[in-house]
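Enquirer: One structure, as structure tokens, below. Some questions next.
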Amino acid sequence: MGFWEVTLSLLDGLKYTCLIFALTLVLALPLGLVISFGSMSKFKPLAYVIKTFVWIIRGVPLMLQVIIFFYVPGFIFGTPILSRFASVIAAFVINYACYFSEIYRGGIESIPRGQYEAGQVLGMTKSQVFFKVVLMQVVKRILAPMSNEVITLVKDTALARVIMIVEVIQAAQNFAGYGLMWPLFYTAVFYLAFVGLLTLLFGFFEKKLDYYKI
Amino acid sequence: MAIFEAKNIKKSFGKTEVLKNVSFEIEQGEVLCILGSSGSGKTTLLRCINFLEIPDNGHFILNDKLLFDASENVTRTDEEIRQNRLHFGLVFQQFNLFPQYNVLENVTLAPTLLKKGTPEEIDRNARNIIESVGLSDRIEHYPCQLSGGQQQRVAIARALALKPDILCFDEPTSALDPELTGEVLKVIKELKTKNTTMIVVTHEIEFAKEVADKVIFMADGVIVESGTAEEVIVNPKNERTQAFLSRFNTM
Ligand SMILES: Nc1ncnc2c1ncn2[C@@H]1O[C@H](COP(=O)(O)OP(=O)(O)OP(=O)(O)O)[C@@H](O)[C@H]1O
Ligand SMILES: [Mg+2]
């Protein structure tokens, strides 16, 4: 088995890696905001429920959550509800949304009260204050922790193989059955390139937001 | 007839009564200066006027209309409170400019969101106001690029852009280096010549003496003494006022 053959098959696996990454981000970024609002709710019971939920999701290994999402509905309903891929996406989205929600909450709570009050005194509505005054400041504050989380997500996609999704590492592992170990090490190149790209992207955003200080 | 009247305003936080029956009036174009030692409730009073706090008791009358009455047992919607706020402006001790917007954007943001005119009108109005506070050459600077005095002048311009009936200042120069207070006080003096109605909480006694039509001295949540600057600052009758002012004179 030659280099190109291996590369092609790893790229096939990379498709899933990218798909899990992209779908998780697109869905977890907004869901995290909803969860963070819930955890900051003035309606205390809701805040407690959300906080407990976040504690559970952050406390249980993601790998276990993937397994649970795939197998547990099967036990309960006799037949799997979600496909393998959908289970992975559901588990990842919920898990990452919880992590994001805590980063958002930290960012939102770090904005001084004076910013909200200045907006209110100028007659802005609550949502105008949030979206036009606070949000951009939050984005600037959370950019560094978010870039960490997003980079972790790239590598977490490998967990999908516990329910036999052939992402890039699983694709490489399949070659191990033929006695080929090097494809496994070769996958590091793909991850490094992926993370390198993201690092550049976040660096670019950080530069873009450099024009002001909070 | 007074443009604004606050009557029997009370406000407690938990068990601490911060404002105990405060009443005053202000005429159109007047400057009211509020003096008082730390913790006497000056900030709380301004926050009540701007509906950042809701008074527990009392009422506000603006332009002969009942704006707010604590005894009305209604739950006020955010929208009503927001509408009420539009009559007032507040300049904070800490400026509270929006750091991600430049000077012009800080001034145009609220009028734009509140649709106070066409974009051209809002822009023109903002530039005029920025010029009047002497910052035309800083129009594209960000708050972090400005001195404290300049930031506070932007904050004043931002409040003026909404043409409030009454502009409130909470110790507008307390966060500034002494050499920067003058430029801010000058702007306030100029506003007075343009007939702007203002309520100014300040520790600048000389400034108050010069600019105030009316002075209130507060202590422990009550108005201890009120009158003209001449009456309250030059010839105070109450001993607490005298004690407060003597501390400034010896400084
Ligand atoms: N949100 C709040 N919760 C509880 N207590 C408060 C709150 N805001 C103000 N107070 C208390 O109310 C009292 C008056 O505060 P306020 O800020 O109005 O005084 P001030 O006259 O503006 O003082 P200073 O000159 O220091 O600014 C203080 O004892 C303060 O601790
Ligand atoms: Mg104060």
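Enquirer: For B:166, A:56, write out the residues from largest to smallest accessible area, computed with a 1.4 angstrom probe and no ligands counted.
Expert: The most accessible residue leads, giving A:56, B:166.
Enquirer: Can you list residues whose amide H is under 5 Å from residue B:90's amide H, if they're 5+ apart or on another chain and H is modeled 1.01 Å from N?
Expert: Amide H neighbours of residue B:90: B:168.
Enquirer: Related question: If I ignore ligands, DNA and RNA and count only protein heavy atoms, how much of residue A:69 is accessible to a 1.4 Å probe, in Å² to the nearest 10?
Expert: 60 Å²
Enquirer: Just grab the label-to-label distance for residue B:213 and residue B:147, each label 7 Å out from Cα along the Cβ direction, in nm (one decimal).
Expert: Taking the two extended label points, one gets 3.2 nm.
Enquirer: Moving on. Run through region A:20-104 and list the trypsin sites (Lys or Arg not before Pro) located in a DSSP loop whose Cβ has at most 12 other Cβ atoms within 10 Å.
Expert: Sites meeting the loop and neighbour criteria: A:42.
Enquirer: Here's a follow-up. Leaving out ligands and nucleic acids, note down the accessible area per residue over region A:71-114 with a 1.4 angstrom probe, in whole Å².
Expert: For region A:71-114, the per-residue accessible area is 46 Å².
Enquirer: Of the listed pairs A:15/A:208; B:115/B:189; B:10/B:209; A:15/A:51; B:42/B:163; B:11/B:115, which have alpha-carbon separations greater than 32 Å here?
Expert: Over 32 Å Cα-Cα: A:15/A:51; B:11/B:115.
Enquirer: How would you classify chain A from its alpha-carbon gyration tensor, with a ≥ b ≥ c the square roots of the eigenvalues: rounded for a/c under 1.5, else prolate if a/b is greater than b/c, otherwise oblate?
Expert: oblate
Enquirer: Kindly work out what percent of the DSSP beta bridges joining two residues of region B:151-251 are antiparallel, to the nearest 5.
Expert: Roughly 50 percent of the DSSP beta bridges within region B:151-251 come out antiparallel.
Enquirer: Quick one: accessible area per residue over region B:16-121, 1.4 Å probe, rounded to a whole number of Å²?
Expert: 43 Å²
Enquirer: Which whole number of Å³ per residue matches the convex hull of the alpha-carbon atoms in region B:163-251?
Expert: Output value, Cα hull per residue: 112 Å³.
Enquirer: With every protein chain left in place, what is the accessible area of residue B:59 in Å² (1.4 Å probe, nearest 10)?
Expert: Here the accessible area works out near 50 Å².
Enquirer: While we're on this one: What are the residues of region B:74-114 that lose 50 Å² or more of accessible area, with a 1.4 Å probe, going from their chain alone to all protein chains?
Expert: B:82, B:85, B:98, B:99, B:100, B:113
Enquirer: Kindly provide the chymotrypsin sites (Phe, Trp or Tyr not before Pro) of region B:61-135 that DSSP labels as loop, not H, G, I, E or B, and whose Cβ sees at most 16 other Cβ atoms within 10 Å.
Expert: Listed in order of number, the matching sites amount to none.
Enquirer: Do any residues of region A:94-119 show a loss of at least 40 square angstrom of accessible area between the isolated chain and the full protein assembly, using a 1.4 Å probe, and if so which?
Expert: At a threshold of 40 Å² (probe 1.4 Å), the residues of region A:94-119 that become less exposed are A:115, A:117, A:118.
Enquirer: Still on this structure, please answer the following. Taking a probe of 1.4 Å and counting only protein heavy atoms, give the total accessible area buried between chains B and A in Å², rounded to the nearest 100.
Expert: Protein heavy atoms only, the B-A interface buries about 2100 Å².
Enquirer: State the answer as a single residue: which of B:57, B:198, B:40 lies farthest towards the positive end of the charge dipole of chain B, with beta carbon charges of +1 for Lys and Arg and -1 for Asp and Glu, about the Cα centre.
Expert: B:57
Enquirer: Just how much of residue A:213 is accessible, in Å², when a 1.4 Å probe is used and the result is rounded to the nearest 10?
Expert: Rounded to the nearest 10, that gives 140 Å².
Enquirer: Any idea what the dipole of region B:115-251 comes to, in debye rounded to 20, about its Cα centre with Lys/Arg Cβ at +1 and Asp/Glu Cβ at -1?
Expert: Dipole size: approximately 320 debye.
Enquirer: So, one more: log₁₀ I(q)/I(0) of the protein assembly as shown at q = 0.07 Å⁻¹, via Debye over equal Cα point scatterers, no solvent, to two decimals?
Expert: One equal scatterer on each Cα of the protein assembly as shown leads to -0.53.
Enquirer: Compute the normalised compactness of chain B: alpha-carbon radius of gyration over 2.2 N^0.38 Å, N being the residue count.
Expert: Scaled against compact globular proteins, the figure is 1.01.
Enquirer: Just from its helices, what would the mean residue ellipticity at 222 nm be for chain B, if runs of 4 or more DSSP H residues each count -39500 (n - 2.57) and the sum is divided by every residue, rounded to the nearest 500 deg cm²/dmol?
Expert: For chain B, the value works out to -11000 deg cm²/dmol.
The values are calculated or read from the model by the stated rules, or taken from the named source; none is laboratory data. Quick caveat, the model's predicted, so the values are computed rather than measured. FYI the Cβ positions are ideal-geometry reconstructions off the backbone, even for glycines, and counts take in every protein chain you see. These accessible areas exclude ligands, DNA and RNA; they are computed on the full protein's heavy atoms, side chains included. Shrake-Rupley method; radii C 1.70, N 1.55, O 1.52, S 1.80 Å.
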